[in-house]
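The values are calculated or read from the model by the stated rules, or taken from the named source; none is laboratory data. It should be emphasised that the depicted structure is a prediction, and the values quoted were computed from it without experimental measurement. Note: ideal-geometry Cβ built from the backbone for every residue, glycine included; neighbour counts use all protein chains shown.
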Amino acid sequence: MYPAKFVRENIELLKKVSELKGDRVDWQEFERLDGKRRRIIAFVQERRRWQKDISNKIADRKDDSSAAFADMVREAKKYSEDIRTSEEELKEIEKKFDGIINSIPNIPHSSVPEGKGAEDNVVVKSWGAAEERKFEVLPHWDIGEKLGMLDFQRGSKISGSFFPVFRGYGAALVRALINFMIDVHGKSGFTEVWVPALVNRDSMFTTGQLPKLEKDMYRLEEDDLFLIPTAEVPVTNLHRDEVIPEEKLPVYYVAYTPCFRREAGAYGKDTRGLIRLHQFDKVELVKFVRPETSYDELETLVEEAEKILQMLKLPYRILKLCTGELSFSASKCYDIEVWSPGIKKWLEVSSCSNFEEFQARRGKIRYRNTKAGRSDYVHTLNGSGIALPRTITAIMENFQQADGSLLIPEVLRNYMGGTESVK
């Protein structure tokens, strides 16, 4: 959330940013409310000065019974009424005004390419090569069901579409991936946390899901709590309304959580398999860092997610997202996509973002800047390390064998009781 003064002084820049990111902001209403708001504030301040002046005069003549004194008392009461009425009006204006400010997206970093859609993203790295196969690679939904690892029909019976059931070795693969990822990230200095899967509005606002994405979220109406779309939300809010000691920075967290998304507006897309789900599992990485180091921290965050795919021996590529593909809260983002030969698609398994101080400002997350002698906002970053459904998709399609069996990646075998393949 930007200060009003910053918005006023940088309105042309922010208009361009909202256009580049495709976020609608009612700038005409902002300017109208801003002018009215400032006039009321000036009016109230003036009346308070007059009220203070006349109150002092009344105090000096408290035993006065003259008509002039009575006029002064009436005038003081009128000032009080003017102030009360204006403050009530100001409260309503501030609510609308803050709503507009809250709809202004974060400013992209200067290194982010301008563009409107996926075609304008830039591939910055590729790793691994798709192995040539002498047989037809089945899509993951076929091989998963043939091997008894996936059950879409029963998942649909229990909950509806986009809620799969993992069975047998499929369930074991989910558990193996979660434990493997947390162990790998723990060795890199990430502290594991276990966080709630239900969060309040303040938490969703801090990370930027609210107010813009409320329709994409599952909400418990009676309690006004939201099922988390990603562990980024509860983990980032661990330090909401806190001042982190400077010597504690950087702070790294890793968390496994289930994630829940309505995927509003996505119906008709990727209707088969594990590509688009309402509930899925993810291991998330979150960083709280000093502003001057945040872009170096972004690069190492990407490397941390890459490490998982390299150890799994899955071919992938990294894209630098253009302005039109950036999320509302991000200043810069890299997407990591893994290759799935059965469906012949690149699948996003991680987005690594630097939010600069955007989330920290909304959540009042500061650190003690001893050099400057003040509290400043930290920079927050997060990335999937990594999301499971599409990673499982890639494993089932890249490790498929001609006889219909599935090899288990070597790094996961100890997590699956020594299982080398599923037949």
* Could you tell me whether region 211-231 includes any residue that is within 22 Å of residue 355 (Cα to Cα), of a type in the set (Val, Ile, Thr) and assigned by TED's automatic domain parsing to the domain that holds residue 385? => yes
* Structure fact -> From the option list 122, 112, single residue qualifying as outside the structural domain of residue 389 (by TED's automatic domain parsing) and either over 22 Å from residue 273 (Cα atoms) or in contact with a helix residue (DSSP H, G or I) (Cβ under 6 Å, 6 or more places away or on another chain) (or both) is 112
* Which of the residues belonging to region 118-171 are touching a Phe, Trp or Tyr at 6+ places or on another chain (Cβ under 8 Å) and aliphatic (A, V, I, L, M)? -> 124, 130, 147, 149, 150, 165
* Output the number of residues of region 358-376 satisfying the condition of being closer than 17 Å to residue 332 by Cβ and either in contact with a helix residue (DSSP H, G or I) (Cβ under 7 Å, 6 or more places away or on another chain) or at pLDDT below 95 (or both). => 1
* Structure fact -> Considering residues that are charged (D, E, K, R) and either in contact with a helix residue (DSSP H, G or I) (Cβ under 6 Å, 6 or more places away or on another chain) or surrounded by fewer than 19 Cβ atoms within 10 Å (Cβ to Cβ) (or both), the number found within region 377-407 is 2
* Inspect all residues belonging to region 87-107 and state whether any of them is farther than 30 Å from residue 377 by Cβ and not assigned by TED's automatic domain parsing to the domain that holds residue 326. => yes
* Residue that is surrounded by the most Cβ atoms within 10 Å (Cβ to Cβ) [pool: residues in region 22-72 that are touching a Phe, Trp or Tyr at 6+ places or on another chain (Cβ under 8 Å) and in contact (Cβ under 8 Å) with a residue 40 or more places away in the chain] -> 30
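Per-residue answers, yes or no, for (1) within 32 Å of the chain's Cα centre (by Cα); (2) of a type outside the set (A, V, I, L, M, F, W, C); (3) at pLDDT below 95; (4) not assigned by TED's automatic domain parsing to the domain that holds residue 360:
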| residue | (1), (2), (3), (4) |
| --- | --- |
| 13 | yes, no, no, yes |
| 16 | yes, yes, no, yes |
| 51 | no, yes, yes, yes |
| 58 | no, no, yes, yes |
* Which helices (runs of 4 or more DSSP H) does region 135-243 wholly contain that include 2 or more residues that are surrounded by 15 or more Cβ atoms within 10 Å (Cβ to Cβ) and β-branched (Val, Ile, Thr)? -> 169-187, 201-207, 232-236
* Asked: Does residue 211 satisfy the condition of being closer than 30 Å to residue 379 by Cβ, without any contact (Cβ under 8 Å) to a residue 60 or more places away in the chain and not aliphatic (A, V, I, L, M)?
  -> no
* Mind telling me which of the residues 91, 78, 15 ends up being assigned to a helix (DSSP H, G or I) and within 21 Å of residue 323 (Cα to Cα)? => 15
